[in-house]
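Structure, as structure tokens:
The values are calculated or read from the model by the stated rules, or taken from the named source; none is laboratory data. Since the structure is predicted, the reported quantities are computational estimates derived from the model, not experimental observations. Ideal geometry is used to build each Cβ from the backbone, glycine not excepted, and the neighbour counts take in all protein chains shown.
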Amino acid sequence: MRPCNRYGFTLMEVLIAVLVMALGVVGGSAMQLTAMRTRHQSALLSRSMQLASSLADQMRANPQQMRQPDAANGYTRLNYDALGEPDPAPPAVLCLGPGERCDSAALALVDLYQLKLQVRDGLPGGRALVCRDQSPWSGGALRWACSGGAGAPLVVKVGWHGKNPDGTPLRDDSGVFQPGVALAVDAGPGPAP
């Protein structure tokens with residue numbers, strides 16, 4: 001009897017090799033999608049931080065407005081939601097030309113208008129809020145609600161409608177999306193009586 005010679009691969013070996021290769025491709029694709037999603041969320045967080053920091057600097061650069069009581073301070077009236085107000089109305093004076101006279105209140109309105117445009121254009125479903133908040137964190141997460149109170153710092157909060165890894169909307173326990181950034185501007189005198 002002659003020994004049986006084998007030439008090439010059997011069908012079973014080919015199927016196992018194709019299965020292993022398919023699992024590798026699927027795993028690599030999943031890792032790539034996760035990396036892209038993480039990069040996008042990181043870019044949105046960075047953009048939010050830049051917007052909050054820029055507004056905080058503009059607020060500090062306008063001390064006359066910041067000394068006003070909260071009811072008269074234009075900055076404390078910011079509660080902008082890009083989904084509710086997609087096209088923010090420009091202020092009456094844009095403080096651009098040499099002939100335009102701008103007081104601190106007009107300058108605050110221009111700062112807020114520019115921030116609204118940047119939030120609308122740079123963050124999906126973006127939101128920005130300035131309020132007095134003693135504790136912007138609750139249960140380890142940022143929240144939009146403001147505690148207020150005398151001596152509470154002015155806080156700039158910026159966020160967007162994020163998504164979970166499975167594509168569902170990212171919301172907190174109360175069903176609201178969370179801010180991405182909360183930046184304290186100053187301790188301030190607190191709200192006026």
One residue from PRO165, PRO124, PRO91 being assigned to a loop (DSSP other than H, G, I, E, B) and without any contact (Cβ under 8 Å) to a residue 60 or more places away in the chain
PRO91
For the structure I just gave you, tell me whether GLY125 is at positive phi, within 12 Å of the chain's Cα centre (by Cα) and surrounded by fewer than 18 Cβ atoms within 10 Å (Cβ to Cβ).
yes
Residue count for the range 128-162, restricted to those that are part of a loop (DSSP other than H, G, I, E, B) and either on the phi < 0 side of the Ramachandran plot or β-branched (Val, Ile, Thr) (or both)
15
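Could you please find all residues in the range 7-29 being at pLDDT 90 or above and either of a type in the set (Gly, Ala, Ser) or not in a helix (DSSP H, G or I) (or both)? Write out each step before concluding.
Within the range 7-29, the first condition is being at pLDDT 90 or above, and the residues that meet it are 15-29.
Hits for the range 7-29 are ALA17, ALA22, GLY24, GLY27, GLY28, SER29.
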